[in-house]
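Shown next, in structure tokens, is the structure this report addresses.
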Amino acid sequence: MNGSKIRVLVVDDSALMRRMLGDILAADPRIEVVGMARDGRDGLAKVKSLSPDVVTLDVEMPNMDGLSMLEELMKEHPMPVIMVSSLTKEGAQTTLRALALGCVDFVAKPSASISLDIKEVGAELIAKVIMASTALVRPSVRKEPPSQPEQAPQKVIPSPARGGRRDIVAIAASTGGPVALQQLLARLPGNFPLPLVITQHMPKDFTASFAKRLDSLSELSVKEGREGMELAPGCAVIAPGGSHLIIKRKGGVPCCSLSDAPPLLSVKPSANIMFLSVADEFGGKAVGIILTGMGRDGADGAVALRSKGAYIIAESQETCVVYGMPKAAVEAGVVDELLPLSEIPGALLKSIKA
């Protein structure tokens, strides 16, 4: 990051939206809006001339749209990008494509038609821009993460002797999670012997599209969670946006239950709530995985899982887009294995055979 402030370029075809986004960001003393662009071509030119730290990027623009600009940017000049997307089915699909191309995160407009509603998400926008300025961004043309410089080893509690039966896998992810989950699930066989439950921080109406995308890219069956849905081997269930996913047994069969309880640690769905329910129902017969993400959601739930004998795997800093959630679990002293993303599928398969 150049200088003491985070330098932001705002790209949007609406003059009103550019002005509003610029005013929202400039009101924070940690941020400097260094420029504005009216479309993707203008945006690429201003990235070269202004060298911003973060770009906020609209999707629908003339001449060159947001996805086209993002794809070009990630090939030529990888940098943190926050997409500004509409809360529609089409908007969700576009946002997922943007995340796959290398976008760090997105802010969902409350309304697709009323630009003034962007004020409602101002605090979220500021927080995500500040987070994005520290994110690890890689060129989207690479299929595998590039090799990273060696870092000092982080202390975890090795537990090679803690075996035992495993009946479920619970996974937590946030910023950077959509791509990480895609890579993780794509490396698991379709006959995976356990059900998987996943909390990915994502708004309502986005998780259905996300589940369909993962289902198309994986041999596993991936579905958005529904009230009463039974868990089955080889099936991954995504917590629906706006609801907490709780696992309960009904007649001895583990099922999904959805809760409308308030957000926990400002997130809904909450990985902590899901992890706690898994700890209650499965005790130590679980594997918990914490992937890239901002904040510390999942750490308290991992403590509960680990206290009952569950096996905990976390993604290491070298591949995390944001090393927040895994770091919190490491600091809590409950992580058995801290691994780069590419090694987690193998570690998971090994842990359920222990």
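Annotations for the structure displayed:
- Long-range amide H partners of Ile312 with built H, under 5 Å: Gly288, Asp336, Glu337
- Volume per residue of the C-alpha convex hull in the range 1-113, rounded to whole Å³: 91 Å³
- The range 279-354: C-alpha gyration tensor shape, a/c 1.5 cut-off, then a/b vs b/c: oblate
- Kirkwood hydrodynamic radius over Cα pairs of the range 61-100, then Stokes diffusion coefficient at 20 °C and 1.002 mPa s, in µm²/s: 199 µm²/s
- Base-10 log of normalised Debye intensity for the range 232-328 (one unit scatterer per alpha-carbon) at q = 0.14, 0.15, 0.17, 0.24 Å⁻¹: -0.52, -0.60, -0.77, -1.36
- For the range 37-47, the Karplus equation 6.51 cos²θ - 1.76 cosθ + 1.60, evaluated at θ = phi - 60°, returns couplings of 9, 8, 6, x, 5, 4, x, 4, 5, 6, 4 Hz by residue, with Gly and Pro reported as x.
- Accessible-area rank, largest first, for Asp167, Asp280: Asp280, Asp167, with all protein chains present and a 1.4 angstrom probe.
- Cβ-defined net charge surrounding Leu245, 14 Å radius [Lys, Arg +1; Asp, Glu -1]: -2
- C-alpha long axis of helix 177-186 to longest principal axis of the chain, angle in °: 50 degrees
- For the range 257-314, the relative contact order comes to 39 percent (Cα pairs under 8 Å, sequence separation of at least 6).
- Each Cα pair under 8 Å and six or more residues apart adds its separation to the average, and for the range 195-354 the resulting relative contact order is 17 percent.
- Partners of Lys327 within straight-line reach, counting aspartates and glutamates whose Cα lies under 15 Å from its Cα and excluding those fewer than 8 residues away in the same chain: Asp297, Asp300, Glu315, Glu318, Asp336, Glu337.
- Note, ³J(HN,Hα) from phi for the range 124-135, Karplus 6.51, -1.76, 1.60, rounded to Hz, x at Gly and Pro: 5, 4, 4, 4, 6, 5, 5, 4, 4, 5, 10, 6
- These residues, Lys327, Lys350, go from largest to smallest accessible area, 1.4 Å probe, as Lys350, Lys327.
- Fraction of accessible area attributable to carbon and sulfur, the range 253-354 (%, probe 1.4 Å): 53 percent
- Helix 15-26 and the longest principal axis of the C-alpha atoms of the chain enclose an angle of approximately 60°.
- Centroid-to-centroid separation of the range 263-330 and the range 4-46 [C-alpha atoms, Å]: 35 Å
- The listed peptides 283-295, 8-20, ordered by packing as a protection proxy, come out as 283-295, 8-20 (highest mean of other Cβ atoms within 10 Å first).
- For the chain: relative contact order, % (alpha-carbon pairs under 8 angstrom, 6 or more apart): 13 percent
- Cα gyration tensor shape of the range 208-257, rounded if a/c is under 1.5, else prolate or oblate by comparing a/b with b/c: oblate
- Sequence-ordered 3J(HN,Hα) estimates for the range 301-309 from the Karplus curve with 6.51, -1.76 and 1.60 and θ = phi - 60° stand at x, 5, 4, 5, 4, 5, 5, 9, x Hz, glycine and proline given as x.
- Here's how it looks for Glu32: its modeled amide H is under 5 Å from those of Ile6, Arg7, Val8, which are all 5 or more places away or on a different chain.
- Folded to 0 to 90 degrees: helix 89-101 orientation relative to the chain principal axis, Cα: 90 degrees
The values are calculated or read from the model by the stated rules, or taken from the named source; none is laboratory data. Bear in mind the structure is a predicted one, so any value in this text is a computation, not a measurement. Methodologically, a virtual Cβ is constructed for each residue, glycine included, from the backbone with ideal geometry; neighbour enumeration extends over all protein chains shown. Ligands, DNA and RNA are excluded from the accessible area calculation, which covers all protein heavy atoms including side chains. Shrake-Rupley method; radii C 1.70, N 1.55, O 1.52, S 1.80 Å.
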